[in-house]
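Please read the structure below before turning to the comments.
The values are calculated or read from the model by the stated rules, or taken from the named source; none is laboratory data. The structure displayed is predicted, hence computed values, not measured ones. Cβ: placed from backbone, ideal geometry, glycine included. Neighbour counts: every protein chain shown.
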Amino acid sequence: MSRHILVVAELREGVLRQVSLEAVAAARLLAGASGTVSALLAGPPDSHGQALLAAGADRVVHTPERDDIGPAHTERALQAAAEAVGQLRPDAIVLGHTALGKDIAPRLAARLNAGQIADVIAIEPDGESFAFTRPIYAGKAFEKRMFTETPWVVTIRPNNFPPLARAGAASADVAAGEAALLATAGKPDLRTVVRGVMKRAAGKTDLAEAKVIVSGGRGVRGADGFKPLAELAEALNGAVGASRGACDAGYCDYSLQIGQTGKVVTPELYIACGISGAIQHVAGMSGSRVIVAINKDPEAPIFKIADYGIVGDLFEVVPLLTEEIRRL
Ligand code: FAD
């Protein structure tokens, strides 16, 4: 069965988010071999349009302005997505399970009187339709859900749907017919406007999309204790995360918190340093492909979910690891 799927692509500070390419991969699966994938992009199609086409989109529909779709402008983003849905009448809409996706997907579903399945980590064919797997109870269990009618609204968790690469498409220009300006209903009718955004200093790599995360807990004993972790993260081209214990103790900013009440991450490699492994922390990182735990207590619960465990003092182990990795 062939379907028409719309992906709402997301830019962060002018850069196309990796999860949007992953959303195109998920959309391709839902569309079927002869189906169509359209990608909604904010602003001119240029290199971002090319990247979406190279990742498997058949065409790009775009809004006039670059900041039409973004976490700081969710009302406008919702409006743009609703306009695209109104014009294209897709069978399903796929977004990243990001701050923006979490904000607009339920509102879009409500407007369309549609069902929504959030935080999807796997999609499998099931008869004429699909089963969508998502974690529940803070990652302690998984459920499979299906839609009973279209349209479907789906958000996908980052790092679960590897982007596709269509041979030759990356170098192709966005051809006429592959890109179209979304016909907007005049001036956006917004009930709130963003007057300014005050940014906190953040790491170079977005935690939700990082391939490697080096995370620190109360065992790092202070803000200075994060320095060796940051060096290891840099050697691995990764990001630094933290437990709530470390955040509550004031060792680092809450923007680094991973867990049930923090960020949910799914990197290829997660290195937990001085973290005990409380269930609320595990809820945010158990989907990591490989988990390494460094803890001086051999009974620490983190070792139960770790693929590799190092019983030792993180202040000795982490610098040694960094040295070895730099040598490679
Ligand atoms: P601790 O439990 O104190 O563990 C520190 C670990 O460091 C110990 O295992 C110790 O052996 C080890 N250590 C000490 N020194 C060293 C050293 N030199 N070298 C190596 N190891 C060392 N927590 C989260 O992380 N994220 C959440 O989102 C979250 N949400 C929560 C929501 C609710 C409603 C509640 C009630 C709690 C939540 N928590 C969350 C808190 C959680 O229960 C734990 O309290 C917290 O995760 C503990 O942080 P920690 O592992 O850093 O600290």
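Could you say whether any residue in segment 78-99 is within 26 Å of residue 264 (Cβ to Cβ) and assigned to a loop (DSSP other than H, G, I, E, B)? There is at least one residue in segment 78-99 that is within 26 Å of residue 264 (Cβ to Cβ) and assigned to a loop (DSSP other than H, G, I, E, B).
Restricting segment 229-250 to residues that are over 30 Å from residue 134 (Cβ atoms) and buried (at least 22 other Cβ atoms within 10 Å of the Cβ), the residue that is farthest from the ligand (Cβ to nearest atom) is 232. All conditions in (1) out of contact with any helix residue (DSSP H, G or I) (no Cβ under 9 Å at 6 or more places or on another chain); (2) crowded, with 17+ Cβ neighbours inside 10 Å hold for residue 293, with the sole exception of (1).
Among residues of segment 229-252 that are of a type in the set (Phe, Trp, Tyr), those with a Cβ under 9 angstrom from a residue that is assigned to a helix (DSSP H, G or I) and near the ligand (Cβ under 9 Å from one of its atoms), sequence gap 6+ or separate chain, pair up as 251/218; 251/220; 251/225; 251/245. What residue, among those in segment 310-322 that are within 11 Å of the ligand (Cβ to nearest atom) and surrounded by fewer than 18 Cβ atoms within 10 Å (Cβ to Cβ), is nearest to residue 292 (Cα to Cα)? Checked segment 310-322; the qualifying residue nearest to residue 292 (Cα to Cα) is 311.
Residues in segment 26-53 that are surrounded by fewer than 21 Cβ atoms within 10 Å (Cβ to Cβ) and aliphatic (A, V, I, L, M) were compared, and the one that is farthest from residue 91 (Cα to Cα) is 33. Just one residue in the set 275, 271, 325 is among the β-branched types (Val, Ile, Thr) and within 11 Å of the ligand (Cβ to nearest atom); that residue is 275.
If you go through segment 202-214 one residue at a time, do you hit one that is of a type in the set (D, E, K, R), modelled with pLDDT of 95 or more and more than 8 Å from the ligand (Cβ to nearest atom)? No, there is no match, as no residue in segment 202-214 is of a type in the set (D, E, K, R), modelled with pLDDT of 95 or more and more than 8 Å from the ligand (Cβ to nearest atom). Looking only at segment 130-151, residues that are touching a Ser or Thr at 6+ places or on another chain (Cβ under 9 Å), of a type in the set (A, V, I, L, M, F, W, C) and either in a loop (DSSP other than H, G, I, E, B) or closer than 20 Å to residue 1 by Cβ (or both) come to 2 in all. Among residues that are modelled with pLDDT of 95 or more and acidic (Asp, Glu), residue 189 is not included.
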